[in-house]
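Visitor: There's a structure below that I have some questions on.
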Amino acid sequence: MTEQEISRAIQYVTATTSYGRDTVGEILRTGLSELSLLSAQSSRRFEREDLLGYLCQWTMKRTGHPEPLVREVLDGAGRWLDEVATTLAEQGQAEASTGDDDEAGTASA
């Protein structure tokens, strides 16, 4: 996700909630950061609600904000979180496919 897209998400959530831009920015950046790290370290697929629950817990621990606030902000940015999760999953699948092709080529040689 580009900085411009993150700023757009922060602006959207700030406009649709009663929370300040700094608070929303901190929560979204923390959640997006963990989502990126999680996708890089795990090949496991998660259901959306399970993943959102995990991101809420992680973000609450990192930022110290209460669950209702974190959940509302992350829910408000749902379409951006979905976009990041989809993009990262596709990248992981492409990398796995490339790795499988390499291994298959080596095995048959």
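The values are calculated or read from the model by the stated rules, or taken from the named source; none is laboratory data. Nothing here was measured: the structure is a model prediction, and the numbers come from that model. For neighbour counting, all protein chains shown are included, and Cβ atoms are generated from backbone atoms with ideal geometry for every residue, glycine included. Each accessible area value is taken on the protein alone, full model and side chains, heavy atoms only, with ligands, DNA and RNA left out. Shrake-Rupley method; radii C 1.70, N 1.55, O 1.52, S 1.80 Å.
Visitor: Looking only at the range 27-53, which residues are touching a helix residue (DSSP H, G or I) at 6+ places or on another chain (Cβ under 8 Å), in a helix (DSSP H, G or I) and open to solvent by 40 Å² or more (accessible area, probe 1.4 Å)?
Guide: The answer is 29, 36, 39, 40, 48.
Visitor: Next up: Which pairs have Cβ atoms under 7 Å, sit 6 or more apart or on different chains, and link a residue in the range 26-38 that is among the basic types (Lys, Arg) to one that is open to solvent by 30 Å² or more (accessible area, probe 1.4 Å)?
Guide: Note: no pairs meet the criteria.
Visitor: Additional query: Hey, does the range 10-26 have a residue that's open to solvent by less than 90 Å² (accessible area, probe 1.4 Å), among the charged types (D, E, K, R) and at pLDDT 95 or above?
Guide: yes
Visitor: Any idea which of 104, 96, 85 is among the small types (Gly, Ala, Ser), modelled with pLDDT under 75, within 14 Å of the chain's Cα centre (by Cα) and assigned to a helix (DSSP H, G or I)? Don't jump to the end; show me each part of the working.
Guide: Details: 104 fails: within 14 Å of the chain's Cα centre (by Cα); 96 fails: within 14 Å of the chain's Cα centre (by Cα).
The match here is 85.
Visitor: Among the listed residues 24, 13, 70, which satisfies the condition of being touching a Cys at 6+ places or on another chain (Cβ under 8 Å) and either outside any helix (DSSP H, G or I) or among the aliphatic types (A, V, I, L, M) (or both)? If you could, list the steps in order and put the result at the bottom.
Guide: Numbers: 24 fails: touching a Cys at 6+ places or on another chain (Cβ under 8 Å); 13 fails: touching a Cys at 6+ places or on another chain (Cβ under 8 Å).
Residue meeting the stated conditions: 70.
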